[in-house]
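Chemist: Please read through the structure below; I'll follow up with questions.
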Amino acid sequence: MEKVEGQQHPLGVYFKIWGWLFVLSALSYLVDFFGFESYLRWTLILIFMALKAGLIIAVFMHMRWERLALSYAILVPPILLGVLIWIMAIESDYTFATRGIFFGGAP
Amino acid sequence: MAPSDSDTTVAAPTGLTSIAADWSSDQRTFKNVPWGKAMMWIFLLSDTFIFTIFLTSYMTVRMSTTVPWPNPSEVFALTIGGTKFPLLLIAIMTFILISSSGTMALAVNFGYRRDRKKTAILLLITAAFGASFVGMQVFEWTKLIVEEGVRPWGNPMGAAQFGSTFFMITGFHGTHVSIGVIFLIIVARKVWRGEYDSNTRGFFTSQKGNYEAVEIMGLYWHFVDLVWVFIFAVFYLW
């Protein structure tokens, strides 16, 4: 039979992650259900989001068992996106301020 | 030193030095990874950039608009028996997509064990979850367009950009899910007929497949789930 290079792990690890994803999704839904606001809301939502994304990439997509040459090739370029988000956040604050000045709509 | 004909002759380095060693010339960079899987990862990286650009443009218009943004918690609420549940449909869709990711991970596992029956059934369950997700999205879009009057150029609840970003982001994601469902059914059929064991050539690429195809399919499917994690957090929960 042809040699297959694949990932093989015990089933339990998938069930465990599946359960955690359910718990984390339920928690992020509860954030909205209980109507937490402002910084508490952003912090909780972003933490749950990052944890879920991390679990999916690391275990379901088997990234934690891959060699670093592949992991870094895939996981390092998205750091650039953080820069884009940061720049656009600054830019939209500026746009918001100018709209407030010229159209008088801003609070 | 005699030239070695395989990269297994010398023990592969680990840790940070392994990156320099693996990327050095005249050898295979991504060791222990079939080429199709490496290519799928690179495709997913490009897709990450596309989705992030969509979500970033959404963030930009939402942060810069002086008109109040429609409250997603109320817009996407469902009324069941007189009680209003915020974001109920979206929560159900989230759980369905996570479950489909779970069954997909199991399918990959059983594929490498050569358990054709279980693999095919799990792939079909995954496809069914995916199809029901798209169905709920159709329901959500219909409700928004017909009942709430949301259009890409405006809506009665607030900022006009709500419609354009919503339809673009969820539409692009829904397209990914739909394509995934089609390919899940194709892969399930191949597994069921034993085409990965008999080395049958595929109808599209004319290449011989093997169970790596199930894992590559899995990468795509988990990515669709991954994107939903971000859409759920920044679009619906913001």
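Chemist: In the list B:SER178, B:SER206, which residue meets the criterion of being at positive phi and more than 14 Å from every other protein chain (Cβ to nearest Cβ)?
Modeler: Being at positive phi and more than 14 Å from every other protein chain (Cβ to nearest Cβ) holds for just one of B:SER178, B:SER206, which is B:SER206.
Chemist: Would you confirm whether any residue within the range A:70-77 is touching a Phe, Trp or Tyr at 6+ places or on another chain (Cβ under 7 Å) and under 24 Å from B:PHE49 (Cβ atoms)?
Modeler: yes
Chemist: Using the structure shown, decide if B:MET217 is under 20 Å from B:ILE96 (Cα atoms) and not basic (Lys, Arg).
Modeler: Considered against the rule, which asks whether it is under 20 Å from B:ILE96 (Cα atoms) and not basic (Lys, Arg), B:MET217 comes out as yes.
Chemist: Report yes if B:ARG62 is surrounded by fewer than 21 Cβ atoms within 10 Å (Cβ to Cβ) and more than 30 Å from B:PHE166 (Cβ to Cβ), otherwise no.
Modeler: No; evaluated as a whole, the condition is false for this residue.
Chemist: Among the candidates B:SER18, B:SER24, B:SER46, single out the residue that is of a type outside the set (A, V, I, L, M, F, W, C), at negative phi and at the interface with another protein chain (Cβ under 9 Å from one of its Cβ atoms).
Modeler: None of the others qualify; the one that does is B:SER18.
Chemist: So, in the range B:51-85, exactly how many residues are touching a helix residue (DSSP H, G or I) at 6+ places or on another chain (Cβ under 8 Å) and part of a helix (DSSP H, G or I)?
Modeler: 17
Chemist: Right, here's the next one. How many residues, within the range A:69-86, are surrounded by fewer than 17 Cβ atoms within 10 Å (Cβ to Cβ) and part of a helix (DSSP H, G or I)?
Modeler: 10
Chemist: Of all residues in the range B:56-114, which are in contact (Cβ under 8 Å) with a residue 24 or more places away in the chain, within 21 Å of A:PHE60 (Cα to Cα) and not aliphatic (A, V, I, L, M)?
Modeler: Hits for the range B:56-114 are B:THR94, B:SER99, B:SER100, B:SER101, B:THR103, B:GLY111, B:TYR112, B:ARG114.
Chemist: With B:GLY130, B:GLY81 as the choices, which residue is more than 11 Å from chain A (Cβ to nearest Cβ) and buried (at least 16 other Cβ atoms within 10 Å of the Cβ)?
Modeler: Checking each option against the conditions leaves just B:GLY130.
Chemist: Scan B:PHE235, B:PHE167 and give me the residue that is surrounded by 13 or more Cβ atoms within 10 Å (Cβ to Cβ), modelled with pLDDT of 95 or more and either hydrophobic (A, V, I, L, M, F, W, C) or in contact with a Cys (Cβ under 7 Å, 6 or more places away or on another chain) (or both).
Modeler: B:PHE167
Yes or no, residue by residue, for (1) within 8 Å of chain B (Cβ to nearest Cβ); (2) surrounded by 12 or more Cβ atoms within 10 Å (Cβ to Cβ); (3) modelled with pLDDT of 95 or more:
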position: A:VAL13; (1), (2), (3): no, yes, no
position: A:TRP20; (1), (2), (3): no, yes, yes
position: A:VAL31; (1), (2), (3): yes, yes, no
position: A:TYR39; (1), (2), (3): no, no, no
position: A:LEU55; (1), (2), (3): no, yes, yes
position: A:MET88; (1), (2), (3): yes, yes, yes
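Chemist: Take the range B:15-34 and flag every residue that is loosely packed, with under 14 Cβ neighbours inside 10 Å and either at pLDDT 90 or above or of a type outside the set (Phe, Trp, Tyr) (or both).
Modeler: Result: B:GLY15, B:LEU16, B:THR17, B:ALA20, B:SER24, B:SER25, B:ASP26, B:GLN27, B:ARG28.
Chemist: Within the range B:189-215, which residues are assigned to a helix (DSSP H, G or I), surrounded by fewer than 22 Cβ atoms within 10 Å (Cβ to Cβ) and β-branched (Val, Ile, Thr)?
Modeler: Selection gives nothing.
The values are calculated or read from the model by the stated rules, or taken from the named source; none is laboratory data. Bear in mind that the values here come from a model prediction, so they are computed numbers and not experimental data. Methodologically, a virtual Cβ is constructed for each residue, glycine included, from the backbone with ideal geometry; neighbour enumeration extends over all protein chains shown.
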